[in-house]
Amino acid sequence: MFFGPPGCGKGTQAKRVTEEFGLAQISTGELFRKHLGEKTTLGLQAQEFMSRGALVPDSITIGMVRERLQEPDAQAGAIFDGFPRTEAQAEALDALLAELGGKLCMVVDFSVPLAVSRERLLARQEGRADDKPEVIDKRLNDHAAIEAAVMPHYHAQEGLVRAVDATRSIEAIYEDVRALVKSCID
Ligand code: AMP
């Protein structure tokens, strides 16, 4: 699982490492945007929350992850990116992995000051409705609460959380990320 504030680079790193190692990238944000693009019921439900930078309700999010995790490409392993974001989601993930015979190997914590994330998000502008400056600030402000809700669950498990300095270049971060993910596979 990759954890960090919006703009920390975890999505970019997850995409690259899943491609290299043949793993599934389970990004709840991207799944919601895909549903939205296809105008599915789930996408339309999620839209009102996403456009104002609010979290989509747990029941919708967990149901979507449950389905995604059962697709064939996830059987070799998966990187979660942007999930879990609440304590209930973290507990649901444990239950889901236990049910499917899987196990969480590691939590990679992308540490970066929020001011750096903010600059990256302001520069990103890929047409996302939630990359407007006021929504960016809300998402960054909410991150502290998300961290407080989720990380104690993982810090309670000795050695599970591994921090990566995410202020560096994409290449330098990838070197660390690659080695960490590889240690889960070997
Ligand atoms: P992201 O691409 O991870 O920044 O997510 C974009 C938006 O999708 C978030 O601001 C939320 O509205 C929604 N979202 C993504 N992941 C979750 C999640 N795990 N729980 C609730 N909402 C989520």
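The values are calculated or read from the model by the stated rules, or taken from the named source; none is laboratory data. The shown structure was predicted, so the numbers you read here are calculated from the model rather than taken from an experiment. Positions of Cβ are generated from backbone atoms using ideal geometry, with glycine treated the same way; all protein chains shown enter the neighbour counts.
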- request: Among the candidates Gly43, Gly29, single out the residue that is within 16 Å of the chain's Cα centre (by Cα) and either within 22 Å of Gln70 (Cα to Cα) or part of a helix (DSSP H, G or I) (or both).
  value: Gly29
message: Out of Ala88, Ala92, I need the residue that is without any contact (Cβ under 8 Å) to a residue 40 or more places away in the chain, buried (at least 17 other Cβ atoms within 10 Å of the Cβ) and not in a loop (DSSP other than H, G, I, E, B). Which one?
response: Ala92
- line: Per the filter on the range 98-118, residues assigned to a helix (DSSP H, G or I) and touching a residue at least 24 places away in the same chain (Cβ under 8 Å) are Leu100, Leu114, Val116, Ser117, Arg118
Tally, over the range 5-22, of residues that are surrounded by fewer than 20 Cβ atoms within 10 Å (Cβ to Cβ) and under 18 Å from Glu71 (Cα atoms): 4
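Here is a yes/no grid of residues against (1) away from the ligand (no atom under 13 Å from the Cβ); (2) closer than 19 Å to Val108 by Cα; (3) at pLDDT 95 or above; (4) among the polar types (S, T, N, Q):
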site: Phe3; (1), (2), (3), (4): no, yes, yes, no
site: Glu19; (1), (2), (3), (4): yes, yes, yes, no
site: Arg52; (1), (2), (3), (4): no, no, no, no
site: Ser59; (1), (2), (3), (4): no, no, yes, yes
site: Ile62; (1), (2), (3), (4): no, no, yes, no
site: Phe80; (1), (2), (3), (4): no, yes, yes, no
site: Thr86; (1), (2), (3), (4): no, yes, yes, yes
- prompt: Considering the range 46-85 alone, what residues qualify as being surrounded by fewer than 17 Cβ atoms within 10 Å (Cβ to Cβ), part of a helix (DSSP H, G or I) and among the hydroxyl-bearing types (Ser, Thr, Tyr)?
  reply: Ser59
field: Condition check for Ala76: touching a Gly at 6+ places or on another chain (Cβ under 7 Å), away from the ligand (no atom under 15 Å from the Cβ) and either touching a residue at least 12 places away in the same chain (Cβ under 8 Å) or within 30 Å of Ser183 (Cβ to Cβ) (or both)
entry: yes
field: So Val56, is it aliphatic (A, V, I, L, M) and touching a helix residue (DSSP H, G or I) at 6+ places or on another chain (Cβ under 6 Å)
entry: yes
